[in-house]
1. Mark the label point 7 Å from the Cα of B:GLU415 along Cα→Cβ and return the residues of segment A:1-44 whose backbone N is within less than 16 Å of it.
2. Taking the Kirkwood radius as the inverse of the mean 1/r across Cα pairs, report the Rg/Rh of segment A:1-148.
3. Please list, or write none, the aspartates and glutamates whose alpha carbon is within less than 14 Å of the alpha carbon of B:LYS329, excluding same-chain residues fewer than 8 places away.
4. How do A:THR181, B:THR377, B:THR217 rank when sorted from fewest to most other Cβ atoms within 10 Å of their own Cβ?
5. Would you calculate the convex hull of the Cα atoms in segment A:292-441 and tell me its volume per residue in Å³?
6. Under 10 °C and 1.306 mPa s, how fast does segment B:43-87 diffuse according to Stokes-Einstein, given a Kirkwood radius computed over C-alpha pairs? Answer in µm²/s, whole number.
7. Which order do B:CYS28, B:CYS134, A:CYS329 fall in if you start with the one that has the fewest other Cβ atoms within 10 Å?
8. Which peptide among B:45-54, A:213-222 comes first, and what is the full order, when sorted by highest mean count of other Cβ atoms within 10 Å?
Amino acid sequence: MAGFNYFPHTDQDIQSMLNRIGVNSLDQLYADVPADCLYQGQYDLPEAMTEQQVRDYFEGLAALNPRLKVFAGAGAYDHYTPAVIPYLTQRSEFITAYTPYQCEISQGTLRYIFEYQSMICALTGMDVSNASMYDGPTAAAEAMRMMVAQAKKKNTVLVSATLLPQVTGVIQTYAKYAGITIKEIEASQGQTSKDSLEALIAQGDVAGAIVPSINRFGIIENLEGMAQALHADKALLTVYCDPSALAVLKTPAQWESDIAVGDGQPLGIPLCYGGPYVGFMACREEYMRKLPGRIVGQTTDKEGRRAFVLTLQAREQHIRREKATSNICSNESLMALWVTVYLSLMGPDGMKQVNDLCYQRAHYLYAKLLETGKFQEAFAGAPFLKEFVLKPLVPAAQIQKKLADAGFFGALETPEGYVSFCATEKRSYQEIDELVKALAL
Amino acid sequence: MKYYDKLIFEISKPGRKGYSLPDVCTKCQGTDAIPAALRRDKAPALPQVSEPDAVRHYTNLSQMNFGVDTGFYPLGSCTMKYNPKINEEIAAMPAFAGLHPCQKGLKGVDAVYEGMDRALSAITGMKHFTFKPCAGAHGELTGLMIIREYHMSRGDYKRTRIIVPDSAHGTNPASAAVCGLDVVVVKSNAQGLVDVEELKPLLDDTIAGIMMTNPNTLGLFEKDIRQIASLVHEAGGLLYYDGANMNPLIGTVRPGDMGFDVMHLNLHKSFSTPHGGGGPGSGPVGVCEKLVPFLGVNVSGFNGNFGVILRAYAYILMLGRENVKMCGKLATLNANYIKESLKDLYKLPIESVCKHEFVFDGLINDGACEGKEGASTLDVAKRLLDFGYHAPTIYFPLLFHQAIMIEPTETESKETIDGFIEVMREIAAEAARDPDILHSAPHTTPISRPDETTAARNPILKYTEA
């Protein structure tokens, strides 16, 4: 039998619908399209597959990808995902819902976004969070735009040399077309140099700066005095953070930053070759109306019951068009739900435990790798949590190959020639020992 | 749907846990060994709940939600089609979901990107696609960056203005502004189409291009598109195609053949991936041959929303070259059928065959009489919720004061559509009889209309313990 399982129309349905419309054929519904716009050719697409064929096809593709144990970070972290999360986020009422514009039938989405915003505020210490952004790097680019908009006449944003390259890359893209000048704050001993920051502020025109909380070498940065230096020049500070680590680290608010951004992926979101992830963005209350993206607020319905709505929409593109704070329309709502369920399950104690486990495993790996004699310390004594870099004494490619052959992925090379490793709570001591053994051979 | 009042924070109790983790080594140092100056002083105020508590809480929340699997979404410009379940299984396969974004030489992954590039190019008539953009608006921004790169590569720096029709989606002018382009608005004519005579004088050597949605947001095919393309190209500009309305053209018309140079697609609209309550989406951008060198614009962290791309690819393989031809046609059939079945009760400002969507300008008889306000478009939308339907897109496009924008997709059956028509007719009858029934709607939803003014005036944006 012809037909297709996603299309409900029978031939009879089609005919009776055409009759009501008053046309003879489906093609006649395109009578207003000039003939030279109609595609007459055969579409260069594969033949339709059955569901089983589709499954087999993807299983075949999957088999072509080596399954490696991940000992790499660089902005994407292999943390454990509790089974509850995919189970709940796959519920039809969540995953097949539209943006919650019709609040009366979207209280589920609106409530979890409100919870998400509250949790992001709890982790960052900031006053206000939006409903989420595409990913960490785009959130950082939006922070850059926000700082420039706030500064009005100043047009330079300082970006630390220790930020992840993909974050700096996206910031530079957005800056280029917006005509914003980007200057790099130098690194010293693997950390953002405060002297360099102050020298750049002294050059003038600085709207703000973006610095990492944990940087691309895995080092936990000391941001003491940076906000003060910027604020003295009426410039703002944005801190780029790993939200999982914020459960134990000094918060952006404690560093007196104005905006906090980062990627929510470490909060239980699978690696999935880079996406979908979720960017988070939070700020101090005074900049609330400059935040891009959706925001959920609490109110009451006509009966006085607690209700949640999308609010402060006068910032957004569908109201303000070219005068909006950003062009962003969607958020990464379902991924915000992943994060919300994750943080609900973990709570403050679980988050502390995850960080302790990461710390212990990463430090064990660090010590064991040094013992092989194939690495030297890059930044001896610099505090790190789950990720670190070492100076390899053999070519990085050789290390990567040995790891891959033994079933591991790690030793990503930095532009300086260091290699980075990461160990999360998912990596067992046995796996670490096996990795080290593979390298020692 | 029932009302459930709790927030996760309100079912929290110290001492409860919802996680299952290995024990911390008690003999080794932990995060307490990090210098105190770098540590937070207080644990974050996160909830403490057991696993069953969390599951019940979020299940209760889900039951206050409406989704495509719950019922019909006649939501204009949003293309709320069925989200096939096999796609979810494939996206969750550990051999894909477990891949680190920096892994190289993954033949199975490369095949997905290559297959998608080829399939989308075939469907749209473009040469190649980039998959980095994470959503439609993100794709628009990327496409505009590509347009700017093209002009700059030719040393043509003065093209900093972009033409956008007054009927365009709000993201068009907003994306242009983020891309550093000044927006020039071109008006629609009485037929709801871009007015070619209004366009001509705008085309000078400062124009980078034009952003068009075709069919436009009134659901009407811009039949002068080939002429517009010639005019814009002759003036040295490029044509951007907003793929938000691509669904009716899938299998029938290709943007490349209309003369478009660059476009985005919303995989979460035309290619069946779930909207997820507002994301994640994916907004791949396709370009014609001469723009291929500029496709590398770097707009997101890694490789785009791979999980969404996987789902869309599974959908395309199911669709295949056989079914693709019916996709747009059935969507268009459904839209015209609704339009013809309701135009005696709702104002149809422009009488014409529509594509996947169309716009009414409110009720013909809104019931207004001495001392009683008529039923507005908002009232109609809210009343629909009582009958188990999502509302259409309302008050957009801005060309009409009482716009009701309706888009059914090809995955809705005649019976579903007939049910919707019947309810829309009943609501029109109610409005004529007593508009107050509509003013006070919805009546059966978990909450009634909320106080949005207070929400914006005194924002409460996070939970604080009472």
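1. A:6-14
2. Result: Rg/Rh = 1.09.
3. Answer for B:LYS329, where 14 Å is the Cα cut-off: A:ASP11, A:ASP13, A:ASP27, A:ASP32, B:GLU357, B:GLU407, B:GLU410, B:GLU412, listed by chain and number.
4. Fewest to most other Cβ atoms nearby, the residues stand as A:THR181, B:THR377, B:THR217.
5. It is 190 Å³ per residue.
6. Details: Rh = 13.7 Å.
The calculation lands on 116 µm²/s.
7. In order of increasing Cβ crowding within 10 Å: B:CYS28, A:CYS329, B:CYS134.
8. Numbers: B:45-54: 19.8, A:213-222: 23.8.
Highest-to-lowest ranking by the protection proxy: A:213-222, B:45-54.
Values quoted throughout were computed directly from the atomic coordinates according to the rules given, and no laboratory measurement underlies them. Predicted model only: the values in this text are computed from it and were never measured. Cβ: placed from backbone, ideal geometry, glycine included. Neighbour counts: every protein chain shown.
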